[in-house]
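Engineer: Sending over a structure as structure tokens; questions will come in a sec.
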Amino acid sequence: MNKVFKVGLIGCGHIAETYFRAHKYFNNFKIVKCADIRDSASKKCATKYGIQSLSVKELLNDEEIEIILNLTIPKAHYEVAKKALLHNKHVYSEKPMAINLSHGKELLRIAKKRKLYIGNAPDTFLGGGNQKSKELIEKNLIGKINLGNAIFAFPGVQSYHPNPEPWFAKKEGGPVIDMGPYYLTALVNLLGPAKEVSGSIMRGVKKRTIGIGPKKGRKFKVECPTTYLSTIVFENNTIIRLTLSFDVIAHQRNHIEFYGNKGSLIVPDPNMFGGSVYACKKLGQSWKEYKTGKMPLGKINIRGKSLRANESPINANYRGVGLSEMAYCIENRKTHRCNGELSLHVLNIIQSTMKASTTGKKQKIKTTCKIPKKFTLNEIKKILK
């Protein structure tokens, strides 16, 4: 039987409900206390989930807490994670691990020095869709992957989030910071680390209108680019064209497509856990479907409307598996998959994409990482209830 790690949550916002739901699926962690810079938010969260509300300082000093779950806004990720590490707590943060590379490197240094674990979302690449794709690629189904396309494009978070301004802020806003981690982590998991990136940008409109909540109808300023078109070259020389945009009303393109010398592969949405994988081995041939609905982290577990924009009425969502897998690895002294080196490399690609797109100059990726190992059925079963 696994040890159950006691987790303290900092940041009681929109995403918190997803991690509390993870208690239903995973057997080795439990969120027992929470904190937020807004005392009212912390108390509301504590009342809803039957846990204790503390101040951030009290939570960090609480000896019962072993792991800090950092669900603050992106610009606060570094500060909260650093404080957690300096209080000798393991830490698992929402994406990205930090806003700039130097802060990410500092977090890794502190964690290594203190022999602590640091983990980061996204963990969607551990789901059935990405893992089935990994299996087929490792079996050489489509041969050497030479090219590919990936796209995330929709009108923006202002339609569903009551406080969308941070997504359009100058330093921490834009689709690369928001959705880039899902796509880039999935790509690194399947292709390995990247080595260079180039790109271009645009900003669709100067002001946007909030579509929900108490500020509905209020306009706010867009301070960052809202579309990035980038070309990423990986260390294995695969070239991926990546589109990330808050300016598209609708499209019919697949989320990720790979083109190998023996065929092509369609990878499902990297922001989800399930979805079918499709392969075509011959021109004019029908695409073969590889279903993931019977895989432990591919089964549909969401049925009904959710306030989360990344949850369609029917889908597979096992957010929290990265935290659970990290807890298992802490107990068994193994390297976890959602680790700091992977997150730092993804952050490096994010920053390089933004710089290359803004300056018009190709950027070299200065970090690297190991490709995460396939998440085996036996390993998954050990952490599932």
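Engineer: Rank the residues Lys216, Lys95 as a footprinting-exposure proxy: fewest other Cβ atoms within 10 Å of their Cβ go first.
Structural biologist: Details: Lys216 10, Lys95 23.
Taking fewest neighbouring Cβ atoms as first place, the list is Lys216, Lys95.
Engineer: Comparing Asn70, Asn237, Asn28, which has the greatest mean-square fluctuation in the GNM of the chain with Cα pairs linked when under 10 Å apart?
Structural biologist: Of Asn70, Asn237, Asn28, the most mobile in the Gaussian network model is Asn237.
Engineer: Sort all Cα-Cα distances of the chain into consecutive 10 angstrom bins from zero, then give the percent of pairs in each bin up to the one containing the longest distance.
Structural biologist: Here the calculated profile for the chain is 5, 23, 34, 27, 9, 1, 0.
Engineer: Please state the charge dipole magnitude for the chain, taken about the Cα centre, from unit charges on C-beta atoms (+1 on K and R, -1 on D and E), reported in debye and rounded to the nearest 20.
Structural biologist: With Lys and Arg at +1 and Asp and Glu at -1, about 240 debye.
Engineer: Write down the percent of antiparallel bridges among all DSSP beta bridges whose residues are both part of the chain, to the nearest 5.
Structural biologist: Details: 39 of 65 bridges.
Counting DSSP beta bridges with both partners in the chain, the antiparallel share is about 60 percent.
Engineer: With a 10 Å radius around each residue's Cβ, average the other Cβ atoms per peptide and rank 220-226, 206-212, highest first.
Structural biologist: So the order, starting with the most tightly packed, is 220-226, 206-212.
Quick note: the coordinates plus some simple rules give every number you see, no bench work behind them. Predicted, not measured: the structure shown is a model, and the values here were computed from it. Glycine also receives a Cβ, built like all others from the backbone with ideal geometry; neighbour counts cover every protein chain displayed.
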